[in-house]
1. If you go through region 167-190, how many residues are surrounded by 13 or more Cβ atoms within 10 Å (Cβ to Cβ) and either under 12 Å from Pro149 (Cβ atoms) or out of contact with any strand residue (DSSP E or B) (no Cβ under 8 Å at 6 or more places or on another chain) (or both)?
2. Determine which single condition Val150 fails, assuming it passes every other condition in (1) in contact with a His (Cβ under 9 Å, 6 or more places away or on another chain); (2) of a type outside the set (S, T, N, Q); (3) in contact (Cβ under 8 Å) with a residue 60 or more places away in the chain.
3. Among residues belonging to region 64-88 that are closer than 25 Å to Ser142 by Cα, of a type in the set (A, V, I, L, M, F, W, C) and under 20 Å from the mean Cα position of the chain (by Cα), point out the one that is most open to solvent (accessible area, probe 1.4 Å).
4. Identify the residue in region 39-61 that is of a type outside the set (Gly, Ala, Ser) and in a loop (DSSP other than H, G, I, E, B) and, among all such residues, is least open to solvent (accessible area, probe 1.4 Å).
5. Quick one: would you say Glu12 is open to solvent by 60 Å² or more (accessible area, probe 1.4 Å), modelled with pLDDT of 95 or more and among the acidic types (Asp, Glu)?
6. Only one residue in Glu29, Glu36 is outside any helix (DSSP H, G or I) and acidic (Asp, Glu). Which one?
7. Out of curiosity, is Leu160 farther than 20 Å from Gly192 by Cα, open to solvent by 40 Å² or more (accessible area, probe 1.4 Å) and among the hydrophobic types (A, V, I, L, M, F, W, C)?
Amino acid sequence: MLMNTQVCTGTEDLLLVIDMQNVYTKGQEWACCSTETAAENIHRLLCQGLWKNAVFTQYLASPNPRGQWIQYNQINKKINEDPWLNAIVPRLLPWTKRCPLLTKSVYSSFSIPQVREAACKARRVIVTGVVAECCVLSTVLSAIDEGCPVIYLKDAVSGLTPRSEKETEEIVASFSPLHTAVATTEEYLSQGLRFFQTD
């Protein structure tokens, strides 16, 4: 569902906020190890003006799943049918009134045509969100295939465990310097223009 059609100017970075939903917060069945920290850093980015070129994605189960997604949705039926678990975390929810909130029913955010189009028009794609080793990594690989330079903000991404979070970061870093750059939120905000410079 497209909430706001102003996605990207074509000359700015695209901030992609992947699946920051309540089910990934502390105490929930799919809790990730640093979702709250990631939410704070994403909030900081949005407050710095990146909301003007930000897109939120949200995983919602397809009513007509195919293949293994049928079994996936059956196993996770209770979570899929809980509106609160699927909602964006409170810290970021107000921003979805100013930024597009788009839904998907697979891992990669690039399965959403509007995301793919915005990313291909952007200078670079700033990747944040959850789950590092699943939806985030799948999205990064899709972005690479589309030829989009990716800045992976490691402290604005959360994985299931610190180990898997670090392992995902290492996979993303292995595509550097041509396709990816790994940075902290502070490094991006203070030194962002240096990433992927060619001169």
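1. Here the count works out to 9.
2. In the conditions (1) in contact with a His (Cβ under 9 Å, 6 or more places away or on another chain); (2) of a type outside the set (S, T, N, Q); (3) in contact (Cβ under 8 Å) with a residue 60 or more places away in the chain, Val150 misses (3) alone.
3. Out of the qualifying residues, it is Ala87.
4. Among residues in region 39-61 that are of a type outside the set (Gly, Ala, Ser) and in a loop (DSSP other than H, G, I, E, B), the one least open to solvent (accessible area, probe 1.4 Å) is Leu60.
5. no
6. Residue meeting the stated conditions: Glu29.
7. The answer is yes for Leu160.
Residue-wise test of (1) under 17 Å from Asp13 (Cα atoms); (2) among the aliphatic types (A, V, I, L, M); (3) touching a Gly at 6+ places or on another chain (Cβ under 6 Å).
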site: Asp82; (1), (2), (3): no, no, no
site: Leu93; (1), (2), (3): no, yes, no
site: Leu102; (1), (2), (3): no, yes, no
site: Tyr107; (1), (2), (3): no, no, no
site: Pro162; (1), (2), (3): no, no, no
site: His179; (1), (2), (3): yes, no, no
site: Ala183; (1), (2), (3): yes, yes, no
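The values are calculated or read from the model by the stated rules, or taken from the named source; none is laboratory data. Bear in mind the structure is a predicted one, so any value in this text is a computation, not a measurement. Cβ sites come from the backbone with ideal geometry, for glycine too, and all protein chains shown count toward neighbours. Surface accessibility is based on the protein's heavy atoms, side chains included, excluding ligands, DNA and RNA. Shrake-Rupley method; radii C 1.70, N 1.55, O 1.52, S 1.80 Å.
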